[in-house]
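The values are calculated or read from the model by the stated rules, or taken from the named source; none is laboratory data. As the structure is a computational prediction, the values presented were derived from the model and not from experiment. In this analysis, Cβ positions are derived from the backbone assuming ideal geometry, glycine residues included, and neighbour counts consider all displayed protein chains. Remember, those area values only see protein heavy atoms, side chains included, never the ligands or the DNA or RNA. Shrake-Rupley method; radii C 1.70, N 1.55, O 1.52, S 1.80 Å.
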Amino acid sequence: VTMVDVAVHDVGGSGLSITGYNNTLRGISVIRTGCGGIHMSGGDQKLLRRGNNIFGGSKIADWSNWKRTYQPALSWSGVGNTYINNKINNGPHAGVLGGGNDCVFENNELDTLCYETSDSGAFYSGRSWIDRGNIIRGNTFKNVRNTETPHLGSMSVQAIYLDDQMSGYTIVSNKFFNCHCGTFIGGGRRNLVQNNFYQTCSLAVHVDDRGLTWQKDDCEEGGMFDQQLKSVNWQQPPWSTHYPELVNIFQDHPCVPAYNNISHNEYCRSTFIDITVKEWNQWLTIVDDNTNTC
């Protein structure tokens with residue numbers, strides 16, 4: 001299916017939803033919805049069969065007027081789909097929310113998000129070792145800050161939020177302006193954060209070791225991530241050949257936020273990272289050649 005230059009404005013529910021293979025949505029305008037914006041998914045995770053769907057050149061703005069949380073502008077899942085050249089503007093909670101494999105998010109602009117919530121992200125994905133291989137490249141994140149006083153928790157919101165040991169992301173060549181936190185790695189592994197630019201962010205990059213503390217049960221054998229891996233037969237093709245780093249993961253520091261690479265980034269008027277040299281060495285993580293350009 002190909003849909004071009006379609007406008008969905010002033011509806012009480014969500015804008016559009018499409019699931020399948022080889023679909024294209026281009027030039028879509030979704031503005032002023034009561035709930036979410038667009039859902040696009042496709043592909044088979046167990047077989048790693050690509051959906052080859054494309055959502056591009058579109059605009060989503062002023063959504064979530066009725067349901068204020070967990071109604072993202074872009075909801076996504078599946079394998080091998082592309083989300084490119086879109087503008088997402090003015091939402092109280094997440095702009096992009098979902099999980100899948102080998103999807104590409106490129107040259108999108110996300111502006112003025114998460115302003116009524118805490119512990120949320122303009123781009124959010126979490127709690128999986130099998131949702132991996134996704135690329136966030138060349139996007140711009142602006143004005144991701146909480147402006148309302150939270151009643152629970154802190155005011156922390158993230159431009160890119162890899163929550164609860166989310167792993168295997170490539171985050172390259174993005175720009176972050178006026179964000180509370182630019183890139184948040186909540187205990188995950190093998191995330192590449194490289195050649196990004198952070199300006200006027202309270203914190204550019206966060207990394208923690210929750211898998212060694214309060215979330216340890218999830219990353220041990222028999223835990224939630226083990227069950228996920230078993231559901232896709234991770235030690236057999238196509239998984240064992242496509243993601244060889246997973247085959248022996250339970251013998252390779254499974255709960256450590258290991259093998260993250262945070263390098264060649266630039267920052268200005270921002271604290272760059274909130275872990276010490278001792279911590280990143282203990283966690284087998286690279287933090288190198290990050291430059292204050294102010």
Among (1) without any contact (Cβ under 8 Å) to a residue 24 or more places away in the chain; (2) buried (at least 18 other Cβ atoms within 10 Å of the Cβ), the one test that THR183 misses: (1)
Top-ranked residue of region 49-77 - restricted to ones that are farther than 16 Å from VAL30 by Cβ and out of contact with any strand residue (DSSP E or B) (no Cβ under 6 Å at 6 or more places or on another chain), ranked as surrounded by the most Cβ atoms within 10 Å (Cβ to Cβ): ASN52
Selection within region 236-268 - among the hydrophobic types (A, V, I, L, M, F, W, C) and either modelled with pLDDT under 95 or closer than 14 Å to GLY168 by Cβ (or both): TRP239, LEU246, VAL247, ILE249, ALA258
Failed criterion for ALA159 (all others in (1) crowded, with 22+ Cβ neighbours inside 10 Å; (2) small (Gly, Ala, Ser); (3) closer than 30 Å to LYS46 by Cβ hold): (3)
Matching strands (runs of 3 or more DSSP E) fully within region 1-53 where at least 2 residues are at pLDDT below 95, within 15 Å of GLY98 (Cβ to Cβ) and touching a Leu at 6+ places or on another chain (Cβ under 8 Å): none
In region 207-222, residue farthest from SER167 (Cα to Cα) [restricted to those that are touching a residue at least 24 places away in the same chain (Cβ under 8 Å) and open to solvent by 30 Å² or more (accessible area, probe 1.4 Å)]: GLU221
Selected residue (criterion: nearest to ILE171 (Cα to Cα)) from residues of region 92-116 that are open to solvent by 30 Å² or more (accessible area, probe 1.4 Å) and not charged (D, E, K, R): ASN107
